[in-house]
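Just below is one structure, and these are the notes that go with it.
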Amino acid sequence: MLGIKTGFGTTSVTPVTHSTRTRMSLPIDHSSLAEVRHLIRQVCSQAAGLSLDDDDIVSRICNMELAATELVSNVIRHGFPDDSLLASPETRCLNVEVFMNSSSQLVFQLTHNGDSFDGNNVEIREVMEPQEGNMGLFLISQCVDHVAYASPSPGRNFVWLIRNLKSNS
């Protein structure tokens, strides 16, 4: 088990043993959002023992798609606000990895070289009524089971979204 500090405390994530793992580098552009959704669906459709006829599982996958596209959109908007960051070849893409681990957790990992954001120390405000803007972190927190952020060095940022696809009951 890996201990990951998240915006919701520390969680255990089972390392990958038998998994379909999909990696892709995407441009820093909102056109990448469709690719993010496609990668998640691709991994889920290839996962052994995952029934896409189960409405609960499909709902959980859709929640991950929503959270992942919101995350990528936020990183594009806030992580790369200045076009000068796009000039360097190292910062021209978002690296995405999607996989299922042996505990039926769907894991979405985003790596980027934009501005860092420490979401581990941000208080997620509950939104009582829909509003225009400033709902991204709340939306993400409602759609997945765990969110973790890490910036081990300047210009090296990781974000993990974790969604249990099988109910704990």
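Set the Förster radius R0 to 22 Å, insert the Cβ-Cβ distance between Thr22 and Asp56 as r into 1/(1 + (r/R0)^6), and round the FRET efficiency to 0.05. Intermediate results must be reported in sequence, preceding the final value.
Working: r = 23 Å, r/R0 = 1.05.
After rounding to 0.05, the efficiency reads 0.45.
Placing a label point 7 Å from the Cα of Val122 along the Cα-to-Cβ line, the residues of the stretch 57-84 whose backbone N sits under 16 Å from it are 67-81. Using heavy atoms of the protein chains and a probe of 1.4 Å, the accessible area assigned to Asp53 is about 140 Å². Applying 1/(1 + (r/R0)^6) with r as the Cβ-Cβ distance of Ser45 and Asn95 and R0 = 25 angstrom yields a FRET efficiency of 0.70. Less than 5 angstrom separates the built amide H of Asp145 from those of Ile162, Arg163, Asn164, all sequence-distant by 5 or more or on a different chain.
The values are calculated or read from the model by the stated rules, or taken from the named source; none is laboratory data. Note that the structure is predicted; figures quoted are calculated from it, not measured. Ideal geometry is used to build each Cβ from the backbone, glycine not excepted, and the neighbour counts take in all protein chains shown. Accessible surface is based on the protein model in full, side chains and every heavy atom, while ligands, DNA and RNA are left aside. Shrake-Rupley method; radii C 1.70, N 1.55, O 1.52, S 1.80 Å.
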